[in-house]
Every structure is written in C-alpha cells, then in structure tokens.
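First up is the structure itself, then whatever we jot down about it.
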Amino acid sequence: QVQLVESGGGLVQAGASLRVSCAASGRSISRNAMGWFRQAPGKEREFVAAISGSGSTSYADSVKGRFTISRDNGKNTVYLQMNNLKPEDTAVYYCAGRYESFYGIRWQEYAYWGQGTQVTVSS
C-alpha cells in the first residue's frame, strides 16, 4: 500500500509562487505515474499535471507555462511548482498515483490519493 501526504499549500496573493509536495511511503513510486488534481468548491475534480515513470509530463491548458511537475525519486516525492498564481487556481490540490508507469489525465485512472492541501489565491 502506498500512502501519500501533501504539504506546502497556503494563502498567497495573485502573482505569487508556491510549491506543493507529495511524499510517498510504503513503497517506491519511482516507476509509477503520478498526477496532481484540484477541486474548487462546487466544481468537479480536474486534472492539473502528470508525470510518467520515465519523466514525461502533461499539463492542463489552464496551467501550462505556469506550473511545473517534477519528481525526486531519491526522496520518493513529487512536486508541483506553481508560478504566477491566479485567483482561479484556488482549490484543494490532490496528489495521486498509478501503479502503471504511463500517466492518465482522468482522476478515475489513479489508484491511490493523498488527503489534499488547500491553496488559496487572493486578488
């Protein structure tokens, strides 16, 4: 079993940067595809970014050019660097993992999840 714990969320002003982390325990995720999703109040969970076991990445159009997903296999951790944050980025951000090495962009494709971390961007 893999446990994921997100950290690094908070309250920032528009235009600021924030990095959220996702630490895994229980087994190595170095070969697993990992993803970040977010859910705002009253909205469905949406794809943000994903990284494959080989390091290929994918981003939602709304964050492309502003967010960067990365992984540190030595630390069994995945990161989401968020720059030029906008009020519409406000949401609970969830880290998720697959047992496969190739990523997906639908939340249903992910097998294990963290508890989420709140990111709030004020205007």
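Some points to look at:
- In the stretch 47-56, the residues that are assigned to a strand (DSSP E or B) and in contact (Cβ under 8 Å) with a residue 40 or more places away in the chain: Phe47, Val48, Ala50, Ile51
- Options Ala23, Ala40, Ala49; residue that is modelled with pLDDT of 95 or more, hydrophobic (A, V, I, L, M, F, W, C) and within 12 Å of Ile69 (Cβ to Cβ): Ala49
- Looking only at the stretch 64-99, residues that are small (Gly, Ala, Ser) and not in a loop (DSSP other than H, G, I, E, B) come to 4 in all.
- Criterion (open to solvent by less than 20 Å² (accessible area, probe 1.4 Å) and either in a loop (DSSP other than H, G, I, E, B) or among the basic types (Lys, Arg) (or both)) met by exactly one of Arg31, Arg19, Arg38: Arg38
- From the list Lys75, Lys86, the one residue that fits, being of a type outside the set (A, V, I, L, M), touching a residue at least 24 places away in the same chain (Cβ under 8 Å), closer than 17 Å to Val5 by Cα and open to solvent by 60 Å² or more (accessible area, probe 1.4 Å), is Lys75.
- Residue within the stretch 100-108 that is among the aromatic types (Phe, Trp, Tyr), in a loop (DSSP other than H, G, I, E, B) and open to solvent by 30 Å² or more (accessible area, probe 1.4 Å) present: yes
The values are calculated or read from the model by the stated rules, or taken from the named source; none is laboratory data. Predicted, not measured: the structure shown is a model, and the values here were computed from it. Cβ sites come from the backbone with ideal geometry, for glycine too, and all protein chains shown count toward neighbours. To get the accessible areas, we keep the full protein, side chains included, count just its heavy atoms, and leave off ligands, DNA and RNA. Shrake-Rupley method; radii C 1.70, N 1.55, O 1.52, S 1.80 Å.
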